[in-house]
Amino acid sequence: MDAVKRLATLDRIRRLSRLMDTSIRIPVFGFRIGLDPIIGLVPGAGDLISTAFSTYIIFLATRFGIPRQDLAKMIFNVGLEAVVGTVPLVGDLFDAFYKSNIRNLAILEQHLTTVEPELPEVSAEITEKKLLRV
């Protein structure tokens with residue numbers, strides 16, 4: 001995968017992770033949630049849909065050649081959130097606080113800073129420029 005595709009993939013992972021875990025700011029409290037706990041409120045299907053999004057993020061992360069131990073951590077994060085998320089209400093609160101996608105993004109970015117230190121920095125700069133234009 002060339003550098004442009006790698007940057008686009010990293011940007012996609014960042015956007016999806018933030019959408020699922022931190023895209024909505026709760027007024028007064030300043031706490032951020034994403035679509036994950038909201039989708040999880042739908043009985044049965046909500047947790048499956050959230051897990052599917054998280055699995056897609058992990059799939060995208062595998063394109064960066066992430067080591068097995070990091071991949072195992074990412075799968076554990078999603079698995080834990082999926083299992084606890086099946087408990088009504090308590091699982092949704094857990095989803096709001098645990099934020100497995102943001103945790104997985106941090107694991108990927110930590111890996112990339114050791115393997116390709118310029119990639120996360122360039123991607124962050126591009127993302128900042130896009131935000132400033134909006």
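The values are calculated or read from the model by the stated rules, or taken from the named source; none is laboratory data. Since we're looking at a predicted model, the values are computed, not measured. Backbone-built Cβ (ideal geometry, glycine too); neighbour counts: all protein chains shown.
Points worth noting:
- Restricting segment 46-99 to residues that are acidic (Asp, Glu) and under 26 Å from Phe29 (Cβ atoms) leaves a set whose member that is surrounded by the fewest Cβ atoms within 10 Å (Cβ to Cβ) is Asp92.
Here's the yes/no breakdown for (1) more than 11 Å from the chain's Cα centre (by Cα); (2) among the hydrophobic types (A, V, I, L, M, F, W, C):
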{"residue": "Lys5", "(1), (2)": "yes, no"}
{"residue": "Ile13", "(1), (2)": "no, yes"}
{"residue": "Ser17", "(1), (2)": "no, no"}
{"residue": "Asp21", "(1), (2)": "no, no"}
{"residue": "Phe29", "(1), (2)": "yes, yes"}
{"residue": "Pro37", "(1), (2)": "yes, no"}
{"residue": "Ser54", "(1), (2)": "no, no"}
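- Residue count for segment 1-54, restricted to those that are over 22 Å from Val83 (Cβ atoms), assigned to a helix (DSSP H, G or I) and among the small types (Gly, Ala, Ser): 2
- Yes/no for Gln110 being surrounded by fewer than 16 Cβ atoms within 10 Å (Cβ to Cβ), of a type in the set (S, T, N, Q) and at pLDDT 95 or above: no
- Residue match in segment 20-30 (condition: surrounded by 20 or more Cβ atoms within 10 Å (Cβ to Cβ) and of a type in the set (Val, Ile, Thr)): no
- Criterion (modelled with pLDDT of 90 or more, over 14 Å from the mean Cα position of the chain (by Cα) and farther than 28 Å from Val4 by Cα) met by exactly one of Val42, Val84: Val84
- Residues of segment 1-56 that are more than 23 Å from His111 (Cβ to Cβ), in contact with a Gly (Cβ under 7 Å, 6 or more places away or on another chain) and among the hydrophobic types (A, V, I, L, M, F, W, C): Ile24, Ile39.
- When segment 87-121 is limited to residues that are among the aliphatic types (A, V, I, L, M) and free of Cβ contacts under 8 Å to residues at least 40 places away in the same chain, the one that is nearest to Ala3 (Cα to Cα) turns out to be Ala106.
- Contact annotation: residue pairs with Cβ atoms under 7 Å, 6 or more positions apart or on different chains, pairing a residue in segment 8-21 that is under 20 Å from Asp47 (Cα atoms) with a partner that is among the aromatic types (Phe, Trp, Tyr) and in a helix (DSSP H, G or I), are Leu16/Phe53; Met20/Phe53.
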